[in-house]
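Scroll down for the structure; my scribbles are underneath it.
Nothing in this text is a laboratory measurement; each read-out follows from the coordinates by a stated rule. Note that this is a predicted model, so its numbers are computed, not measured. Reconstructed Cβ throughout: ideal geometry from the backbone, glycine too, with neighbour counts over all protein chains shown.
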Amino acid sequence: MTSDVSHPAVIRVSRHAGINDLAEVLSSLPGSDFASLMLAVSSSRADARSAADVVAQRSRDRFVGPAPVDFHRLRRVEDRAIARVREPFEFVTLAPLVPLGTHAALARVNQNNLVSTFEERRLPPTQRPPWPSRPLRVAVNTTQGASDSRPCSE
């Protein structure tokens with residue numbers, strides 16, 4: 001799988017930075033350096049956002065809102081499916097993140113079809129938020145007048 005360095009956004013950003021091969025330069029960085037760079041960029045962009053921006057995005061972005069299916073209904077379906085699984089299958093709780101490139105290397109899935117993250121894995125487990133979207137859920141519930149903001153309601 002090859003990267004799409006001819007994508008208009010890649011060309012536009014490369015020109016803006018004054019580096020013709022910016023994508024190649026960035027992709028050749030050691031993983032920890034690239035992750036640190038992306039964390040710095042993400043932090044700067046996050047600092048420029050207001051609470052209103054974040055809540056507004058949640059209402060229009062399908063990737064950050066709650067699932068449209070009822071939790072209890074989905075759970076019942078999952079429980080019925082799990083009850084029918086027999087040996088040699090083993091149930092495993094998966095990690096929320098995998099190394100960058102896992103999907104491309106193992107399943108030939110283009111990285112453009114995935115949502116990448118760079119932050120949580122760098123925090124010690126004791127500092128990771130137990131429910132990453134909980135503050136957003138509380139903010140939305142507050143603006144909509146709901147009083148129930150328990151983590152299990154996510």
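Can you tell me how many residues in segment 35-70 are of a type in the set (Lys, Arg), farther than 30 Å from Val25 by Cβ and over 14 Å from the mean Cα position of the chain (by Cα)? Write out each step before concluding.
From segment 35-70, those of a type in the set (Lys, Arg) are 45, 49, 58, 60, 62; that's our starting set.
Restricting the remaining residues to those that are farther than 30 Å from Val25 by Cβ gives 58, 60, 62.
Next, from what is left, pick out any that are over 14 Å from the mean Cα position of the chain (by Cα): 60.
Summing the residues that are of a type in the set (Lys, Arg), farther than 30 Å from Val25 by Cβ and over 14 Å from the mean Cα position of the chain (by Cα) in segment 35-70 gives 1.
Residues in segment 18-61 that are within 22 Å of Gln111 (Cβ to Cβ), surrounded by 13 or more Cβ atoms within 10 Å (Cβ to Cβ) and in contact (Cβ under 8 Å) with a residue 24 or more places away in the chain: Ala35, Met38, Leu39, Ser42. Evaluate the following for Ala83: is it out of contact with any Leu (no Cβ under 8 Å at 6 or more places or on another chain), of a type in the set (A, V, I, L, M) and exposed (fewer than 10 other Cβ atoms within 10 Å of the Cβ)? Yes; evaluated as a whole, the condition is true for this residue.
Pairing residues of segment 76-98 that are in contact (Cβ under 8 Å) with a residue 12 or more places away in the chain with residues that are assigned to a loop (DSSP other than H, G, I, E, B), at Cβ distances under 7 Å and at least 6 apart in sequence or on separate chains, gives Leu97/Thr117.
Is there a residue in segment 104-122 that is of a type outside the set (S, T, N, Q), loosely packed, with under 10 Cβ neighbours inside 10 Å and touching a residue at least 24 places away in the same chain (Cβ under 8 Å)? Spell out how you get there, then give the answer.
Pass one, segment 104-122, residues of a type outside the set (S, T, N, Q): 104-109, 114-115, 118-122.
Among the residues that remain, those that are also loosely packed, with under 10 Cβ neighbours inside 10 Å are: 106-108, 115.
Now restrict to residues that are touching a residue at least 24 places away in the same chain (Cβ under 8 Å): 108, 115.
The answer is yes, given that some residue of segment 104-122 is of a type outside the set (S, T, N, Q), loosely packed, with under 10 Cβ neighbours inside 10 Å and touching a residue at least 24 places away in the same chain (Cβ under 8 Å).
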